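Heads up: the structure comes next, in structure tokens.
The values are calculated or read from the model by the stated rules, or taken from the named source; none is laboratory data. Keep in mind the model is a prediction, meaning the values are calculated, not measured. So basically every Cβ, Gly included, is an ideal-geometry build from the backbone, and we count neighbours across all protein chains shown. We work out accessible area using only protein heavy atoms, side chains counted, and drop any ligands, DNA or RNA first. Shrake-Rupley method; radii C 1.70, N 1.55, O 1.52, S 1.80 Å.
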Amino acid sequence: MTESQEHAPSRRRERFPEISSRAYEHPADRSALVALRKLTGFDTVFKALSGLLPERSLRLLFLSDSVRVSDAQFAHLHSMLRDACYILDLEKVPAMYVTQDPRPNAMCIGLDEPIIVVTTGLVELLDEEEMRAVVGHEVGHALSGHSVYRTILLFLTSLALKVAWIPLGNMAIMAIVTALREWFRKSELSADRAGLLVGQDLQASMRGLMKIAGGNHLHEMNVDAFLAQAEEYEAGGDLRDSVLKILNVLPRSHPFTTVRAAELKKWAESRDYQRIMDGHYPRRTEDKDTSVSDSFRESASHYADSVRTSKDPLMKLVGDIAGGAGDLGSKLRDKFTGGTGTGTGGTPDA
């Protein structure tokens, strides 16, 4: 038996030769990355910054105190990793480590070369197909170049803690960290899509997200009920709840799990996903010709559609204002109080 046969996936999956990360990137993530890649001197700046970042220290830390995935160690993860790189046509297979941590987590970091790290908690929590989606998720980060910005985010978050005693310095760094976190939350939605392209099993992706939220109790959970939570989260409450949602998500690097599940299901049912599966997708050879303005227009169009179709009270109000709805004071009062409006004479409507 040849090595390729030995490590072949358990079932046939579509492969995407020369696929550009633009094929699966969330519009907000894509426009930010295209703009960064087009900046003159961008590479020079980040090479200079790399001297300040503890990348070498991180590599030595994982090498010395974690288990490097290979044919000899965690062979099943190594097989998944190579399979994911084959499907997304990532030529160089990133180094991958398993680190002892009961919390289920995975990340892709590194400036020069990406490193994928998964915790023992995640390995023990997920089955083979669920783990395949996670490995594809991290390979998607590597293909998109997210590891560079993730490393910077980790560095700046650490730096913010060290200079917390300097009011203005801390505020400046936290402003950058907040912006990076907002971008990174969108990049997680992109990587979820990459995980689906690798695993090509939506139910496995859904199960993995449910387990991350509720632990290894699948017999106690239901995909439809889990997705209904996302619907309730988006549509429920009044403007006070909308503000609380924003405050709750600001310190997070990842979107909420139910939101990720709903977003992924929506994309899996879209024409964009089907076109990719049919072999129609942007190639890396076309990346250099990508228009920044076109990417921003696509991102703006996406957000306009999101506002128009959103059931969130704040987004609905924004849509009403944009649409020229009258009686703004009344709408604001009702949205904040959960009221249904007032009739003539100030009495509540029936």
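Being more than 22 Å from the chain's Cα centre (by Cα) and open to solvent by 60 Å² or more (accessible area, probe 1.4 Å) is the filter here; which residues of the range 78-91 pass it?
Of everything in the range 78-91, just one residue is more than 22 Å from the chain's Cα centre (by Cα) and open to solvent by 60 Å² or more (accessible area, probe 1.4 Å), namely 91.
Kindly indicate whether residue 111 is more than 22 Å from residue 208 (Cα to Cα), touching an Asp or Glu at 6+ places or on another chain (Cβ under 6 Å) and not aromatic (Phe, Trp, Tyr). Yes. Each residue in the range 191-238 was checked for being in contact (Cβ under 8 Å) with a residue 40 or more places away in the chain, touching a Ser or Thr at 6+ places or on another chain (Cβ under 9 Å) and among the hydrophobic types (A, V, I, L, M, F, W, C), and 8 of them qualify.
Here are 201, 224, 192: which of them is open to solvent by 40 Å² or more (accessible area, probe 1.4 Å), at pLDDT 80 or above and either hydroxyl-bearing (Ser, Thr, Tyr) or closer than 18 Å to residue 133 by Cα (or both)?
201
What about residue 113, is it at negative phi and modelled with pLDDT of 95 or more?
In short, no.
Within this structure, residue 266 passes the test of being among the basic types (Lys, Arg), modelled with pLDDT of 80 or more and open to solvent by 60 Å² or more (accessible area, probe 1.4 Å).
For the range 62-93, name all the residues that are more than 27 Å from residue 210 (Cα to Cα) and touching a helix residue (DSSP H, G or I) at 6+ places or on another chain (Cβ under 7 Å). Passing the criteria: 70, 71, 90, 93. Per the conditions (1) touching a Leu at 6+ places or on another chain (Cβ under 9 Å); (2) at pLDDT below 95, the sole criterion not satisfied by residue 98 is (2).
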